[in-house]
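Before I ask anything, here is the structure I am working with.
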Amino acid sequence: MILKYIYHSSFLLEMEDCSFIFDYYKGDIPEINRDKKLYVFSTHAHDDHYNEKIFELFGGYKDVEFILSDDIEVKNPEFKKLAKFISINSKYDIGQISIETFESTDEGIAVMIETDGKTIYHSGDLNWWTWQGFESEEEYQNMTNRFKKEISKMKGRNIDLAMMVLDSRQGERFDWGMKYFLENTNTAYVAPMHCWNKFEVIQKFKDKHPELASKTIMIDTHKIEKEGYSID
């Protein structure tokens, strides 16, 4: 697997037999092997995760699948014909990949993909979105219950690569979602995303949780902040 970071929550992942684009909305696109099948995922409609330009950017590839969360409204009817829409809490087999979806705690879906003997996870906006001082106790409990319910569905799962939210805007709770996810899964590599260019939050997490950083290889701050950096 070769992972290339594009921007925000967007990555190019190249496998032996296929490639993936996740949540592209802007940024320089790395060179993609056009001889491999390309899967283009959009996990939800937020404009920092989806841009209808994906159909223009990738539609010319000879073998491409557009796989979109069903909360996304594709305005161009010709583009809409090209898309496969997937729903929360469902399973799909598309081409050579198997997909399991989870319900985001914000909008849309998170996806677990199996292909080439590997398991890949992209969280979309599935995260423990709790904000100290800006929510009621009822809102806090509702969010906590929803997040933990979704993670319980993947408890103990062996994941080769996870792309997971790590958002410094949450203040002292920035690490809650990532920590809980890593504690409850067996994840080999994790690529923090949705960092809003505040990549120092990655080293902050590693310093705070050395036991998790030793269990899971987390992509280094100084590397992921360079757009287009790749890790094999």
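The values are calculated or read from the model by the stated rules, or taken from the named source; none is laboratory data. Since this is a predicted model, take the numbers as computed values, not measurements. Here the Cβ is made from the backbone with ideal geometry for all residues, glycine too, and neighbour counts use every protein chain on show. Areas reflect the complete protein model, heavy atoms only, side chains present, ligands, DNA and RNA absent. Shrake-Rupley method; radii C 1.70, N 1.55, O 1.52, S 1.80 Å.
I need the GluC sites (Glu not before Pro) found in the stretch 37-78, filtered to DSSP loop residues with at most 12 other beta carbons within 10 Å of theirs.
Passing sites in the stretch 37-78 are 73.
Out of the stretch 170-226, which trypsin sites (Lys or Arg not before Pro) are coil in DSSP terms and have no more than 11 other C-beta atoms within 10 Å?
Sites meeting the loop and neighbour criteria: 226.
Quick check on the stretch 169-232: take the gyration tensor over C-alpha atoms, sort the square-rooted eigenvalues as a ≥ b ≥ c, and tell me if it's rounded (a/c under 1.5), prolate or oblate.
Since a/c reaches 1.5 but b/c is at least a/b, the shape of the stretch 169-232 is classed as oblate.
Right, here's the next one. Loop only by DSSP, 14 or fewer other Cβ within 10 Å of the Cβ. Give me the chymotrypsin sites (Phe, Trp or Tyr not before Pro) in the stretch 151-232 that pass, ordered by residue number.
Of the chymotrypsin sites (Phe, Trp or Tyr not before Pro), the ones in loops of the stretch 151-232 whose Cβ has at most 14 other Cβ atoms within 10 Å are 196.
Oh, and also: When the Debye formula is applied to the Cα atoms of the chain, each taken as the same point scatterer, what base-10 log of I(q)/I(0) results at q = 0.07, 0.12 Å⁻¹?
Per q value, in the given order, log10 I(q)/I(0) is -0.21, -0.62.
Counting pairs of alpha carbon atoms under 8 Å apart in space and at least six apart in sequence, what relative contact order in percent does the stretch 2-230 give?
15 percent
I would also like to ask the following. Averaged per residue, what accessible area in Å² does the stretch 68-169 show with a 1.4 Å probe, protein chains only?
Heavy-atom accessible area per residue stands at 49 Å².
Just the number, please: carbon plus sulfur as a percent of the accessible area of the stretch 2-230, 1.4 Å probe, no ligands or DNA/RNA counted. If you can, show how the numbers build up before the last one.
On the way: 4630 of 10340 Å².
Using a 1.4 Å probe with all protein chains present, the stretch 2-230 comes out at 45 percent carbon and sulfur.
Same structure, new question: Among DSSP beta bridges lying fully in the stretch 2-230, give the percent that are antiparallel, nearest 5.
Numbers: 25 of 51 bridges.
Rounded to the nearest five, the antiparallel share is 50 percent.
How much length, in nm to one decimal, is gained on full extension between residue 180 and residue 26, taken as 0.36 nm per residue of separation minus their Cα-Cα distance?
That pair, residue 180 and residue 26, stretches by 52.5 nm at full extension.
Once both axes come from the Cα atoms, what is the angle between helix 137-152 and the longest principal axis of the chain, in degrees from 0 to 90, rounded to 10?
The helix 137-152 is inclined about 60 degrees to the chain.
If you take the beta carbon distance between residue 172 and residue 2 as r and set R0 to 30 Å, what does 1/(1 + (r/R0)^6) give as a FRET efficiency, to the nearest 0.05?
So, using R0 = 30 Å, E works out to roughly 0.30.
On a full-extension model of 0.36 nm per residue, what is the gain between residue 229 and residue 198, subtracting their alpha-carbon distance, rounded to one decimal in nm?
In short, 9.5 nm is gained.
Rounded to the nearest 0.05, what FRET efficiency do residue 206 and residue 155 give with R0 = 22 Å and r taken as the Cβ-Cβ distance? Could you check? Walk me through the numbers on the way to the answer.
Numbers: r = 23 Å, r/R0 = 1.06.
According to the calculation, E is roughly 0.40.
What does the charge dipole of the chain about its Cα centre add up to, to the nearest 20 debye, if the Cβ of each Lys and Arg holds +1 and the Cβ of each Asp and Glu holds -1? The partial results should precede the final answer.
On the way: 29 positive and 42 negative charges, 72 e Å.
Computed about the Cα centre, the dipole is about 340 debye.
PRE reach from residue 118 (point 7 Å along Cα→Cβ): which of the stretch 145-173 fall under 19 Å by backbone N?
Of the residues in the stretch 145-173, 157-165 have backbone N under 19 Å from the label point off residue 118.
Past 27 Å, Cα to Cα: identify those pairs from 4/206; 155/206; 81/153, in the order given.
Pairs exceeding 27 Å: 81/153.
Once you have a ≥ b ≥ c as the square roots of the Cα gyration tensor eigenvalues for the stretch 1-118, tell me rounded if a/c is under 1.5, and otherwise prolate or oblate according to whether a/b is larger than b/c.
Cα axes put the stretch 1-118 in the rounded bin.
Still on this structure, I have one more. Which of these, 108, 95, 124, has the largest mean-square fluctuation under a Gaussian network model of the chain (Cα springs below 10 Å)?
Result for the chain, Cα springs under 10 Å: 95 fluctuates most.
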